[in-house]
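The values are calculated or read from the model by the stated rules, or taken from the named source; none is laboratory data. Quick caveat: nothing in here was measured; it's all calculated off a predicted structure. Because the Cβ atoms are built from the backbone with ideal geometry, glycine has one as well, and the counts that use them run over all protein chains shown.
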Amino acid sequence: MDFKSKIRTVEDFPKPGISFKDITTLLQDGEAFHAAIETMAAHFEPRGIDMVTGPEARGYIFASALAYRLRAGFVPIRKPGKLPWKTRSISYQLEYGEDTLEVHEDAFQPGQKVLVVDDLLATGGTIRATIDLVESLGAKVEGVAFLVELTELGGRKRLEGHEVISLVQF
């Protein structure tokens, strides 16, 4: 399937000079959404994935669907203060500031095989932090999957040492 044709580009959003890749048009197309999940699942199914994780909010869309398809558990990665149990947190640098992600401290067990998923790879900061959280709990990241990759931003370089797949590159 031509996934790229299912993604709308919105110019000058959220600010002038940005070409925003709007995945809601792909999500609205049941066949395209199904094909995206099946394509990602087919790539990682042979690995015996135990858990799938992704950062809020759009990462949940793909990560939870993949977890269901792979018969794996799903672990949400959240912004601070959103999880009700004891958490492990990590702070990371953004282009203009800092952000923090959290996960329950018992979310992953040592040796579990984890697939990290998000909708879009840009600079890679959020997913690098997600990987670091997973690995800090002793689990093994088996791969990283995205619907969209913005290649000119070089996010893949921050994920070296991990297999990365993306279905669409801009």
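Among the residues of region 91-113, those that are loosely packed, with under 14 Cβ neighbours inside 10 Å and either touching a helix residue (DSSP H, G or I) at 6+ places or on another chain (Cβ under 6 Å) or not acidic (Asp, Glu) (or both) comprise Ser91, Gln93, Leu94, Tyr96, Gly97, Thr100, Gln109, Pro110, Gly111.
Taking the criterion of being surrounded by fewer than 18 Cβ atoms within 10 Å (Cβ to Cβ) and either among the basic types (Lys, Arg) or touching a Lys or Arg at 6+ places or on another chain (Cβ under 8 Å) (or both), the residues of region 70-87 that qualify are Arg71, Lys79, Lys82, Lys86.
Taking the stated definitions as given, is Val52 under 23 Å from Asp132 (Cα atoms), crowded, with 17+ Cβ neighbours inside 10 Å and in contact (Cβ under 8 Å) with a residue 40 or more places away in the chain?
yes
Look through Ala57, Ala65 and report the one residue that is within 19 Å of the chain's Cα centre (by Cα) and at pLDDT below 95. Unique residue meeting the criteria: Ala57. If you go through region 151-170 and keep only what is among the hydrophobic types (A, V, I, L, M, F, W, C), under 21 Å from Glu11 (Cα atoms) and in a strand (DSSP E or B), you end up with just Val168. Residues in region 3-22 that are in contact (Cβ under 8 Å) with a residue 40 or more places away in the chain and more than 18 Å from Glu152 (Cβ to Cβ): Phe3 only. Taking region 125-144 as the range and being in contact (Cβ under 8 Å) with a residue 60 or more places away in the chain and assigned to a strand (DSSP E or B) as the test, the residues that pass are Glu142, Gly143.
One residue stands out in region 114-150 among those that are in contact with a helix residue (DSSP H, G or I) (Cβ under 6 Å, 6 or more places away or on another chain) and farther than 30 Å from Arg8 by Cα: the one that is surrounded by the fewest Cβ atoms within 10 Å (Cβ to Cβ), namely Glu142.
Mind listing just one residue for me: the one in region 83-124 that is assigned to a strand (DSSP E or B), acidic (Asp, Glu) and in contact (Cβ under 8 Å) with a residue 12 or more places away in the chain and, of those, farthest from Val141 (Cα to Cα)?
Asp99
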